[in-house]
């Protein structure tokens with residue numbers, strides 16, 4: 001039973017609760033077909049004081065323009081070594097022929113919060 005005006009389910013691709021909601025409310029009736037993206041990932045060793053094992057950060061948008069979907073992630077990995085997985089994904093339906101997912105990943109990595 002849901003009472004919120006807006007509820008966001010972010011349980012991954014075809015999660016258990018999402019499947020139930022899709023079925024109950026016919027959410028796929030006018031849905032677009034499945035889409036694909038190109039992902040890039042690096043693993044960085046960072047200063048121990050900046051490491052928070054288990055921390056997950058997801059973003060959408062920047063540095064992509066408003067016509068291109070994609071986003072990024074930062075996953076703080078194991079406790080023994082201060083490692084993070086830094087990744088960036090761009091939807092493969094982008095229309096700008098000059099867009100370089102690799103270059104956009106480089107721009108993302110230079111953002112002050114990364």
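Summary of values
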read-out: Candidates 104, 49, 11: whichever shows maximal mean-square fluctuation once the chain is modelled as a Gaussian network with Cα springs under 10 Å; value: 11
read-out: Two-decimal Rg to Rh for the range 33-109 - Kirkwood Rh, Cα set; value: 1.05
read-out: Mean-position separation - Cα centroids, the range 86-114 and the range 15-57, in angstrom; value: 17 Å
read-out: Burial ordering of 58, 14, 76, fewest other beta-carbon atoms within 10 Å first; value: 14, 58, 76
read-out: Gaussian network model of the chain, Cα within-10 Å springs - most flexible of 41, 24, 66; value: 24
read-out: GNM top mover of 52, 80, 35 - the chain, alpha-carbon springs below 10 Å; value: 80
read-out: Proxy reagent accessibility, fewest Cβ within 10 Å first, across 16, 3; value: 3, 16
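Values quoted throughout were computed directly from the atomic coordinates according to the rules given, and no laboratory measurement underlies them. Keep in mind that what you see is a predicted model, and the values were worked out from it rather than measured. Backbone-built Cβ (ideal geometry, glycine too); neighbour counts: all protein chains shown.
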